[in-house]
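Asks: I have a structure here, written as structure tokens, and I will follow up with some questions on it.
The values are calculated or read from the model by the stated rules, or taken from the named source; none is laboratory data. Bear in mind the structure is a predicted one, so any value in this text is a computation, not a measurement. Here the Cβ positions follow ideal geometry from the backbone for every residue, glycine too, while neighbour counts run over all protein chains shown.
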Amino acid sequence: MAITVNPDLLKEIKEYGAFDINACFNCGNCTAVCPLSDTVGSFPRKLIRLGQIGDKNRVISGPEPWLCYYCGECSDTCPRQAEPGEYMAALRRYAIAQSEPTGIGRLMYRSGVFAVIVTLLVGIVLGAFMQTVKVGKNPSHWIFGAVSYQMIHYLGIAVSILAVLTIVGGIMKIFNRLSSWEGGTKPAPGKWVSALKQTITEIITMKRHREESPASEPVVWYRSHAWIHLAIMYGFIGLLVATTLDFVFLELLPLHLSIFWPARIIGTVSGLVMLWGVSAAMLRRFSKEEKNAAHTSLPDWWLLIFLFVLALTGYWLEIATTFKLVSPVNDGIMLLHAAMAMELILLLAFTKFAHVIYRPIALFVYFLNQA
Amino acid sequence: MEEEKNTQSEENESEEIRVGVYVCHCGGNISDVVDTKAVVEALKKNPNVKIAKDFVFMCSDPGQKLIIDDIIENNINRIVVSACSPTLHETTFRKALTRAGLNPYLYEHVNIREQDSWVHKGENEAATAKAIRLTAAGVEKIARQDPLEPIVVNAEGHVVVIGGGVAGMRAALALIKRGLGVTLIEKGDRLGGRALELDRVYPTEEKASDIVSQLENAVRAEKIDVRLNCEIELIEGFVGNFDVQIRGKDSKIDKVRAGAIVLATGFDHYQPYEGEFGYGKSPIVVTLPEFNKLIADMPQSDKFTYKGKDIKNLAFIHCVGSRQMEGVHQPQADGRVNDYCSRVCCTATLHTINKTLDKFPNLNIFDLYKDIRTYGHGHEDYYEKASKRGVTFFRYTDDSIPEYAPSSNGSGATLTMKDVLTWNEEVSIPADMIVLATGMVPRDISNLVGMLKLPTGTDRFLQEVHPKLRPVELANNGIMIAGTCQGPMDITESCAAAGASAAKVSILLSKKTIEMDPYVARVDEAKCDGCKLCLAECEYKGALFMAESYAHVNPALCVGCGACVAVCPPRAINIAGWTLDQFDGMIDAISMEELEPATVPA
């Protein structure tokens, strides 16, 4: 089947990133220098060309955008300054936006103002909703003076359900697309288990990520792109585990307030690791010295700010609980922490955070198609 | 060698042949490979060679002085220099002979650099042997050489320029400024030629009409004899003395005498055949010149409307009528395909694309190319600009030429091809309008070509003597070419060619007479039996004719091709300076069995 050329696609993708693919003259240097591109997942040139001629389906249906970790080597090498690495990042944003059915993601990526409004609005709704859940414990009842308690409660639930549905819908859409991907070979029936194993190994070790080219100005390993990401990832996972344990044992053992409680130790250490990672990442993005941080945009900041604030408020609360400090300020911090954590999860389908689901799925499909 | 064979015609039978041989080192270029001393020693054995020397730079003043001194002091009367290519220094040494009072044609230049030392590096012994044979052949040739005198003809200080386009006008202006009379003949009813069709031109973005009117005003101011609506009826004569008959609109014939002729007859646009990419069958398919004319006066707009229809997707196809392949493309009327590159269409197309986007920024533009050859200074900028502005490029090959199919709704079309840039996947390009980048084909000047026996290439354009060494001269003495009659070129290049032609004409007609090399046919009337076999071979009208029962040569018209020599049974015809006797001697020398490269004592 001939590909029907559609010149409007590139204009559309262009709203998601600061690349200049028009400048590309198809030399293929980007693919040649890419440490991760191979015959199963070939990029960036292939995706650039598909973007140029407007084959939308193949641009977003393959795992290729998710196989790239944006080391920036291609952008450094590009003789036309077309920024292929940034194009790949834009494709991921585009794929995320194209995977959720509401259109909110598309608006959030294209308009910073809209993204901020949505974030604040959802945050306020969730914060207020929290108040309705533990009404007896938290004294900040002033908020319900204007709006009815019931309405807030149901609105919170509605938002949550909608968000969860969107996430589920997004996952299904991604799965659907990837299963119709024409790029790979037909996987052997027995491949599923090994592909799953490979995917899990990859998530745990982030080996491919660490295989990317070093930054043009090499930095010490612990400040490298891949290790910063590992720190954030493990810190986040650790905190997730600690929070879950905390929540489960909350009613069972009063002992958990102790700083030496295992879940607490996990939380404290993980928090430090994540705080380090997030700070380093923010510094990288702030200095813009490395190629892959040069085009940092609001969606990148969004995730980092959320994680940063969550980590800081988490420590505040830990100190407050350890020393049994009770004050309305601490209650407010608690509320902020809980609302942002919930919002981070609920807005998953609309934000960069979606990669925690889409990347593993794409990796799985990629491993499945590997010979 | 027998004495009687060496001596030549009666006039210098009495004269002793005293050859001087000079082997040049060329500062190591030759002597690093060829043992020049050995060459000298070997040549000294030739009885005709009275002096043999080698020297570091023969072309230098001391080198030339060696020759002059030997001619004057040692009565040397034939000179052989074994050195570089004759193109470089033959004239230098001929002048030295003249200064020494010797006939300059008693000189032979042997090339042992380009034809020996440079191509046989590392094979020093064989190269030395080759140098000896080549030099020996030169000695044998010059030993059989009579003094010659250049052919001198009258030079009319007037030039006929045929074609009143940009090239013709530029040539005419340059010529008149050098003090020559100029008649400028134009077939059409105004000056300007093909440039009149253009709007703005790359790379300067000037208006073509400004260039034309500037030139036209200058032509008018310079009192050039401009003949509009005129054609060439007949051209007779030879260099310095052409008789040009000009037929006017009223069929009246006017005669002009000219020392030289400049051809600036221009080109035609390739005309697609009916159905080529839908051309002629659908109104949405136009050629690049047609498209340029169409948008020239359109105002800037968000919308591009053509024949009442909004055009959103506009496709350009390169190489239409150019770089054709036999068996793939439909041949031209003469059965050949246009396999040459039209050169200007790539930049012209990209220039037009940018111009189109200036006027209609919302258009989607597709560019279907085979190769993009934006070769000129500043031309690549048009590609880069088009690319940056979002033009989508597709690359096709001769195996997959874009296939035109009208849309089912009848308003647009699709072009389907395998795209090299998309790893040869088939792409289908929607087009509301298609522009064919048609190339240049030679103007039909078959009457002139036939009349003057002008040389043309396989591409049917006029062909210069040598693309680098004599780029604007035809083999026909006194006829120069300017502009696109020679091959596809843009206005810049046409002007450069016109200037070069004018310069060549100026040199030719700078004196009242023209000296030509005497290497033309000569008939030995005693030997000629009047068989007339030679007449059938001669391609140059008036060069060879019968009178008083033997063949005669008009030296001004003869080009010295030697066709007559080859068919003459009694060997009555010879080319002066290249006689059959000389060839015999050279062949004997080159093929001599015993070669004794004299070893030089250390």
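Every residue, every condition in (1) over 18 Å from B:Glu108 (Cβ atoms); (2) free of Cβ contacts under 8 Å to residues at least 24 places away in the same chain; (3) surrounded by 15 or more Cβ atoms within 10 Å (Cβ to Cβ); (4) not aromatic (Phe, Trp, Tyr), yes or no:
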| position | (1), (2), (3), (4) |
| --- | --- |
| B:His25 | yes, no, yes, yes |
| B:Glu41 | yes, no, yes, yes |
| B:Val49 | no, no, yes, yes |
| B:Lys53 | no, no, yes, yes |
| B:Met58 | no, no, yes, yes |
| B:Asp69 | yes, yes, no, yes |
| B:Glu90 | no, yes, yes, yes |
| B:Arg94 | no, yes, yes, yes |
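Asks: If you don't mind, another one. Which one of these does B:Ala437 not meet: (1) at the interface with chain A (Cβ under 9 Å from one of its Cβ atoms); (2) small (Gly, Ala, Ser); (3) touching a helix residue (DSSP H, G or I) at 6+ places or on another chain (Cβ under 6 Å)?
Replies: B:Ala437 satisfies all of (1) at the interface with chain A (Cβ under 9 Å from one of its Cβ atoms); (2) small (Gly, Ala, Ser); (3) touching a helix residue (DSSP H, G or I) at 6+ places or on another chain (Cβ under 6 Å) except (1).
Asks: Please return the ranges of strands (runs of 3 or more DSSP E) entirely within segment B:256-336 where 1 or more residues are more than 12 Å from B:Ile434 (Cα to Cα), of a type outside the set (S, T, N, Q) and away from chain A (no Cβ under 14 Å).
Replies: Because the criterion is at least 1 residues that are more than 12 Å from B:Ile434 (Cα to Cα), of a type outside the set (S, T, N, Q) and away from chain A (no Cβ under 14 Å), the strands (runs of 3 or more DSSP E) in segment B:256-336 that meet it are B:260-263, B:267-269, B:304-306, B:309-311, B:313-320.
Asks: Looking at (1) over 30 Å from the mean Cα position of the chain (by Cα); (2) under 21 Å from B:Asp70 (Cα atoms), which is the only condition B:Arg133 fails?
Replies: (2)
Asks: Could you say whether any residue in segment B:196-216 is under 26 Å from B:Ile507 (Cβ atoms) and of a type outside the set (Gly, Ala, Ser)?
Replies: Looking for residues that are under 26 Å from B:Ile507 (Cβ atoms) and of a type outside the set (Gly, Ala, Ser), one finds at least one in segment B:196-216, hence yes.
Asks: Does B:Ala136 fit the bill of being part of a helix (DSSP H, G or I) and touching a strand residue (DSSP E or B) at 6+ places or on another chain (Cβ under 6 Å)?
Replies: No: the conditions fail for B:Ala136.
Asks: Just to verify a result, which residue in segment B:397-444, among those that are over 14 Å from B:Ile317 (Cβ atoms) and out of contact with any strand residue (DSSP E or B) (no Cβ under 8 Å at 6 or more places or on another chain), is modelled with the lowest pLDDT?
Replies: Filtering segment B:397-444 for residues that are over 14 Å from B:Ile317 (Cβ atoms) and out of contact with any strand residue (DSSP E or B) (no Cβ under 8 Å at 6 or more places or on another chain), the one modelled with the lowest pLDDT comes out as B:Gly410.
Asks: Of everything in segment A:278-327, what is among the aromatic types (Phe, Trp, Tyr) and in contact with a helix residue (DSSP H, G or I) (Cβ under 9 Å, 6 or more places away or on another chain)? Give them in sequence order.
Replies: A:Phe286, A:Trp301, A:Trp302, A:Phe306, A:Phe308, A:Tyr315, A:Trp316
Asks: Now for a different question. Quick one: in segment A:43-60, which of the residues that are of a type in the set (Val, Ile, Thr) and within 14 Å of another protein chain (Cβ to nearest Cβ) is nearest to A:Ile96 (Cα to Cα)?
Replies: Across segment A:43-60, the extreme among qualifying residues is A:Val59.
Asks: Please determine, by comparing only the residues of segment A:238-281 that are surrounded by fewer than 14 Cβ atoms within 10 Å (Cβ to Cβ) and within 23 Å of A:Phe353 (Cβ to Cβ), which one is modelled with the highest pLDDT.
Replies: Looking at residues that are surrounded by fewer than 14 Cβ atoms within 10 Å (Cβ to Cβ) and within 23 Å of A:Phe353 (Cβ to Cβ), I get A:Thr244.
Asks: Considering each residue of segment B:408-423, count those that are within 12 Å of chain A (Cβ to nearest Cβ) and loosely packed, with under 14 Cβ neighbours inside 10 Å, and give that number.
Replies: Total satisfying the criteria: 1.
Asks: Select from segment B:470-479 the residues that are in a strand (DSSP E or B) and modelled with pLDDT of 95 or more and list them in ascending order.
Replies: B:Glu473, B:Ile479
Asks: Name the pairs: first residue in segment A:97-120 and in a loop (DSSP other than H, G, I, E, B), second residue aromatic (Phe, Trp, Tyr), Cβ to Cβ under 7 Å, at least 6 apart or on different chains?
Replies: Going by the 7 Å Cβ cut-off, the qualifying pairs are A:Glu100/A:Phe350.
Asks: Out of all the residues in segment B:147-165, is one or more touching a strand residue (DSSP E or B) at 6+ places or on another chain (Cβ under 6 Å) and without any contact (Cβ under 8 Å) to a residue 60 or more places away in the chain?
Replies: The answer is no; no qualifying residue exists.
Asks: Continuing with the same structure: Looking only at segment B:385-394, how many residues end up being out of contact with any strand residue (DSSP E or B) (no Cβ under 6 Å at 6 or more places or on another chain) and facing another protein chain (nearest Cβ under 8 Å)?
Replies: 4
Asks: Could you grab me the full set of residues in segment B:193-216 that are part of a strand (DSSP E or B) and either of a type in the set (Lys, Arg) or crowded, with 18+ Cβ neighbours inside 10 Å (or both)?
Replies: Of everything in segment B:193-216, those that are part of a strand (DSSP E or B) and either of a type in the set (Lys, Arg) or crowded, with 18+ Cβ neighbours inside 10 Å (or both) turn out to be B:Arg200, B:Val201, B:Lys207.
Asks: Give the residues of segment A:4-42 that are under 27 Å from the mean Cα position of the chain (by Cα), more than 13 Å from chain B (Cβ to nearest Cβ) and either farther than 20 Å from A:Gly105 by Cβ or β-branched (Val, Ile, Thr) (or both), sorted by residue number.
Replies: A:Cys30, A:Val33, A:Cys34, A:Pro35, A:Leu36, A:Ser37, A:Asp38, A:Val40, A:Gly41
Asks: Taking segment A:57-85 on its own, how many of its residues are buried (at least 20 other Cβ atoms within 10 Å of the Cβ) and without any contact (Cβ under 8 Å) to a residue 60 or more places away in the chain?
Replies: So the answer is 4.
Asks: Does B:Thr397 meet the test of being within 14 Å of chain A (Cβ to nearest Cβ) and more than 30 Å from B:Ala260 (Cα to Cα)?
Replies: Judged against the criteria, B:Thr397 is not a match.
Asks: Which count do you get for residues in segment A:48-93 that are closer than 24 Å to A:Lys288 by Cβ, more than 19 Å from the chain's Cα centre (by Cα) and part of a loop (DSSP other than H, G, I, E, B)?
Replies: 6
Asks: Let me ask you something else. Mind listing just one residue for me: the one in segment B:374-399 that is under 35 Å from the mean Cα position of the chain (by Cα) and among the hydroxyl-bearing types (Ser, Thr, Tyr) and, of those, surrounded by the fewest Cβ atoms within 10 Å (Cβ to Cβ)?
Replies: B:Tyr375
Asks: Sticking with this structure for a sec: Looking for something within 14 Å of chain B (Cβ to nearest Cβ) and surrounded by 21 or more Cβ atoms within 10 Å (Cβ to Cβ) - is there at least one such residue anywhere in segment A:86-107?
Replies: Among the residues of segment A:86-107, not one is within 14 Å of chain B (Cβ to nearest Cβ) and surrounded by 21 or more Cβ atoms within 10 Å (Cβ to Cβ), which makes the answer no.
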